[in-house]
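Structure record follows, encoded as structure tokens.
The values are calculated or read from the model by the stated rules, or taken from the named source; none is laboratory data. In this text the structure is predicted, and so the values were computed from the model without any measurement. Here the Cβ positions follow ideal geometry from the backbone for every residue, glycine too, while neighbour counts run over all protein chains shown. Heavy atoms of the whole protein, side chains included, go into the accessibility calculation; ligands, DNA and RNA do not. Shrake-Rupley method; radii C 1.70, N 1.55, O 1.52, S 1.80 Å.
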Amino acid sequence: MLHTMTSEPEQQIGVGSPDAFQRLWTPHRMAYIQGENKPTGPGAGDGCPFCAIPSASDEDGLIIARGDRVYAVLNLYPYNGGHLMCVPYRHVADYTELDTGETVELAEFTKAAMVALRAASGAHGFNIGMNQGSIAGAGIAAHLHQHVVPRWGGDTNFLPVIGHTKVLPQLLADTRKMLADAWPSA
């Protein structure tokens with residue numbers, strides 16, 4: 001069935017009384033809410049997505065860049081467009097468990113992520129950090145990962161603040177390619 005764009009929102013029958021609210025449906029978030037792809041335990045063999053991602057192609061795994069000890073990957077549930085994570089290949093939970101080479105490469109990847117995000121999207125600033133442990137908000141606490149979230153002036157408006165909804169203007173595959181192309185070479 002071919003749908004045409006109209007200026008009026010489509011009304012669904014049986015969904016209650018019409019009101020003045022527009023709905024922005026984000027069914028992809030249900031996977032996150034239901035815990036899809038969450039590890040079943042703390043070990044590397046317990047379904048850790050960060051251990052599985054490197055075996056996929058860059059496109060399928062949404063990998064932006066690969067290093068010797070660390071890789072950069074898009075977040076499936078981004079706070080902002082371009083939200084990525086720098087992840088060590090080795091399955092460790094705590095920052096203090098990284099060896100010197102991993103610590104250095106994680107720092108270098110964080111810097112490269114900032115360069116790529118500025119070049120590709122004109123990011124004005126960044127939120128960079130790690131949630132250490134589930135009590136601190138780590139969605140996957142068993143495998144360390146550092147978030148790099150690009151920010152722009154005015155990116156916090158009524159929609160995320162009041163509606164708890166983000167509008168992402170680009171598909172993750174397109175964002176991955178854009179950032180991979182902008183990733184600085186070593």
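For the full complex of protein chains and a 1.4 angstrom probe, list Arg69, Arg176 by accessible area with the highest value first.
Arg69, Arg176
Send over a whole-number figure in Å² for the accessible area per residue of region 66-132, probe 1.4 Å.
46 Å²
Under a plain spin-label model, where a point goes 7 Å from the Cα along Cα-to-Cβ, how far apart in nm are Ser57 and Ile135?
For the pair Ser57/Ile135, the computed spacing is 4.4 nm.
Given N residues in region 43-120, what is Rg(Cα) / (2.2 N^0.38 Å)?
1.08
Using 0.36 nm times the number of residues separating Ala173 and Tyr79, minus their current alpha carbon distance, what extension gain do you get?
Taking Ala173 through Tyr79 to full extension adds about 32.2 nm, to one decimal.
Given the C-alpha atoms of region 75-142, compute the convex hull and give its volume per residue in Å³.
98 Å³
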